[in-house]
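Chemist: Okay, handing you the structure first.
Rule-based calculations on the coordinates, nothing more; no lab input. The shown structure was predicted, so the numbers you read here are calculated from the model rather than taken from an experiment. Heads up, the Cβs are rebuilt from the backbone with ideal geometry, glycines too, and the neighbour counts pull from every protein chain shown.
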Amino acid sequence: MKRYNPTSPSRRNMTTVTYRGVLTASKPLKALTKGFQRGNGHNNTGRITTRHKGGGVKRAYRFVDFVYDKKEIPAKIVTIEYDPNRTAFIALVSYADGEKRYIVVPKTVKPGDVILTGEKAEVKAGNRLPLRNIPVGTFVYNVEIKPAGGAKLVRSAGNFAEVIAHDEGYAQIKLPSTEVRKVIDSAWASIGEVSNDENWLQHVGKAGKNRHRGIRPTVRGTAMNPVDHPHGGGEGRQGRGRRRAISIYGKPTGKGQKSRKPKKYSNRLIVSRRRVGKNR
């Protein structure tokens, strides 16, 4: 982690990820980028649909491959780069047939390494193979839910899932949330842990940095008037006046309350629900 001298109150205790010695390119490959309209929390009529979003520094979108449909073709890691649209680092890979793509890069992989997506690929960091061919105890990321559906699970910085069992056509994986879930064993996953594991240690330091990231201020419901929030109103500082904390829309929120639908389609695939609270 990079630490700063306390030259101002904002700089005191500020920490950022050290990129020197990790990233090997400062600009993305132009053919794999495009400009795009970032989500600003408003719909097509201009109404706010997601609060606390807007502004921020302009970004270029990098096309990152989550489908990995080039199988049995070796790919060489060319560069490791920063991506402003995700917490993990990305790598530019060059396939043996000449095509270049971006992928989410795992830890321990460096430029010059060769990775492979295939049924019989070696179980090493960066390679990708079906869950049925991955031994129990292996750490994986970029996990598919359906075969050829693209990676959906375990994609953010420092995360990994663990394959803990194979049973009747399903692989049981322990997710970063501590939930144990069954995934059909013909789905694919990448071996290793996602890069940039120090991301969660960052100390933002000042409000302006969050504004640069497109995050707007959050006001407490108890500080509002009753017309603006269910927790609002009262003379002086008051409690919320109800048993359960709810959002501005009246839905349960925070404090360990259950908000999951009781009949959600994926309930049958969950072996063990995630642990919540301090004892997690």
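Chemist: How fast does segment 1-105 diffuse by Stokes-Einstein, in µm²/s, taking the Kirkwood radius from C-alpha pairs at 10 °C and 1.306 mPa s? Before the final figure, lay out the partial values.
Modeler: On the way: Rh = 16.8 Å.
In µm²/s, the coefficient is 95.
Chemist: Still on this structure, please answer the following. For segment 125-280, how big is Rg over Rh, using alpha carbon atoms and the Kirkwood form of Rh? It would help to have the intermediate numbers written out before the result.
Modeler: On the way: Rg = 20.6 Å, Rh = 18.9 Å.
Looking at segment 125-280, the ratio lands at 1.09.
Chemist: If you don't mind, there's one more thing I want to ask. Over the Cα atoms of the chain, what is the Rg over Rh ratio if Rh follows Kirkwood? Write down the numbers at each step before the final one.
Modeler: Values: Rg = 22.1 Å, Rh = 21.8 Å.
Looking at the chain, the ratio lands at 1.01.
Chemist: Continuing with this model, one more query. Just grab the label-to-label distance for residue 110 and residue 206, each label 7 Å out from Cα along the Cβ direction, in nm (one decimal).
Modeler: In this crude label model, residue 110 to residue 206 measures out at 3.5 nm.
Chemist: Could you rank the peptides 146-158, 248-260, 222-234, 175-187 by their average count of other C-beta atoms within 10 Å per residue, with the highest value first?
Modeler: On the way: 146-158: 16.0, 248-260: 10.2, 222-234: 14.2, 175-187: 17.6.
So the order, starting with the most tightly packed, is 175-187, 146-158, 222-234, 248-260.
Chemist: What FRET efficiency comes out for the pair residue 66/residue 15, r = Cβ-Cβ distance, R0 = 35 Å, nearest 0.05?
Modeler: Details: r = 30 Å, r/R0 = 0.85.
Calculated value: 0.70.
Chemist: Another question, if that's okay. Based on the mean of other beta carbon atoms within 10 Å per residue, what is the order of 212-220, 166-174, 39-47, most packed first?
Modeler: Values: 212-220: 12.3, 166-174: 16.8, 39-47: 9.9.
The peptides rank, most packed first, as 166-174, 212-220, 39-47.
Chemist: Of 152/174; 182/263; 30/53, which sit over 21 Å apart, Cα to Cα?
Modeler: Numbers: 152/174 15 Å; 182/263 17 Å; 30/53 28 Å.
Where the Cα-Cα span goes over 21 Å, the pairs concerned are 30/53.
Chemist: Report the percentage of all Cα-Cα pairs in segment 153-238 whose separation exceeds 19 Å, rounded to a whole percent.
Modeler: Details: 2344 of 3655 pairs.
Counting pairs separated by more than 19 Å, the tail of P(r) holds 64 percent.
Chemist: Related question: Based on the Kirkwood radius over alpha-carbon pairs, what value in µm²/s does the Stokes-Einstein equation return for the translational diffusion coefficient of segment 130-202 at 20 °C and 1.002 mPa s?
Modeler: On the way: Rh = 12.1 Å.
Translational diffusion coefficient: 177 µm²/s.
Chemist: Under Stokes-Einstein, with the Kirkwood radius over Cα pairs standing in for Rh, what whole-number D in µm²/s applies to segment 58-98 at 4 °C and 1.567 mPa s?
Modeler: On the way: Rh = 11.6 Å.
Here the translational diffusion coefficient equals 111 µm²/s.
Chemist: Can you tell me, using C-alpha contacts under 8 Å and at least 6 residues apart, the relative contact order of the chain as a whole percent? Each step should come with its number before you reach the end.
Modeler: On the way: 562 pairs, mean separation 46.4, N = 280.
Result for the chain is 17 percent.
Chemist: Name the residues whose placed amide hydrogens come within less than 5 Å of the amide hydrogen of residue 170, ignoring near sequence neighbours (fewer than 5 apart) on the same chain.
Modeler: 185
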